[in-house]
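The structure appears below as structure tokens.
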Amino acid sequence: MTTVGFLYPGHFAEDDYPRMEILLDSDIRLVVRHTECPDDAYREDALRALGTPERLAAGVEDLQRSGAQSVVWACDGGSFLYGHEGAHDQVMAVARAVGVPASSTSIGFVHAVRKLGANRVAVAATYPEDIAAQFAAFLRATGMEVVATHAAGVAGGAEAAGWGLDRLKELVTAADRPEADALLLPDTALHTVSHLPELEEFLGKPVLTANQVAAREALRLADRPAWAPRLGTLFEAREAPPAPVEWGSGRSYAHGRPS
């Protein structure tokens with residue numbers, strides 16, 4: 001049995017995780033522990049507050065008891081708004097606290113894009129323009145080429161959680177560009193797992209969504225290859241354990257630890 005854990009702020013689209021667990025191999029368990037989300041607004045101060053050490057530490061003890069072999073901070077804005085270095089420092093603190101490899105959804109997007117071999121991406125963000133721009137800047141700091149960013153201007157997580165397939169199609173249509181090799185759809189408050197095949201067929205290219213990416217990142221850290229075509233191109237092929245990933249800071253990270 002492979003057990004991986006997720007620190008998830010509030011209660012929005014956490015039901016994506018049991019859906020993914022059903023679609024993955026029967027010996028994979030996805031454990032979600034909620035962190036406090038007193039303000040679901042998509043403002044920089046509110047999003048950064050979600051990722052403070054105190055908030056993240058509050059969910060660690062439960063994940064330790066669950067036997068999680070890796071942990072992912074399943075929040076985009078509460079990670080990328082700390083910047084490239086800050087996001088890595090954040091998950092290293094989680095790894096030390098829980099005693100297993102740790103990462104975040106934002107960092108997982110970078111690993112997922114590299115796994116697909118994509119050179120250029122488009123970003124379809126629910127966020128206001130200033131927050132979406134910072135996500136794109138986070139990606140560019142890793143050397144990724146972001147060819148377009150569309151911001152839908154959603155006010156907060158509760159609003160995003162109510163979106164269905166039609167709204168998602170409108171969002172990805174507004175963001176997509178012919179030169180983009182893949183489309184990235186951040187925001188763990190969005191329900192996307194049930195819609196991945198339709199979105200990829202609609203665009204004719206890989207679509208990476210936040211909760212899907214979080215699951216893949218947790219399994220990557222646990223050295224657990226997984227295959228589930230209904231979870232999109234990202235899960236269509238089994239993969240070998242990861243090699244260290246080099247970052248612009250001169251540090252490399254393998255399995256959530258500096259190497």
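General remarks:
- Of residues in region 218-237 being in a loop (DSSP other than H, G, I, E, B) and in contact with a Ser or Thr (Cβ under 6 Å, 6 or more places away or on another chain), the one surrounded by the most Cβ atoms within 10 Å (Cβ to Cβ): Ala222
- So Val110, is it modelled with pLDDT under 95 and either assigned by TED's automatic domain parsing to the domain that holds Leu139 or touching a helix residue (DSSP H, G or I) at 6+ places or on another chain (Cβ under 8 Å) (or both): no
- Picking from residues in region 25-45 that are at pLDDT 95 or above and assigned to a loop (DSSP other than H, G, I, E, B), the one that is surrounded by the most Cβ atoms within 10 Å (Cβ to Cβ) is Tyr42.
- Checklist (1) in a strand (DSSP E or B); (2) in contact with a helix residue (DSSP H, G or I) (Cβ under 9 Å, 6 or more places away or on another chain) applied to Trp163, failing item: (1)
- Whichever residue in region 122-133 is surrounded by fewer than 18 Cβ atoms within 10 Å (Cβ to Cβ) and of a type outside the set (A, V, I, L, M, F, W, C) and, among such residues, is farthest from Lys205 (Cα to Cα): Asp130
The values are calculated or read from the model by the stated rules, or taken from the named source; none is laboratory data. Keep in mind that what you see is a predicted model, and the values were worked out from it rather than measured. Methodologically, a virtual Cβ is constructed for each residue, glycine included, from the backbone with ideal geometry; neighbour enumeration extends over all protein chains shown.
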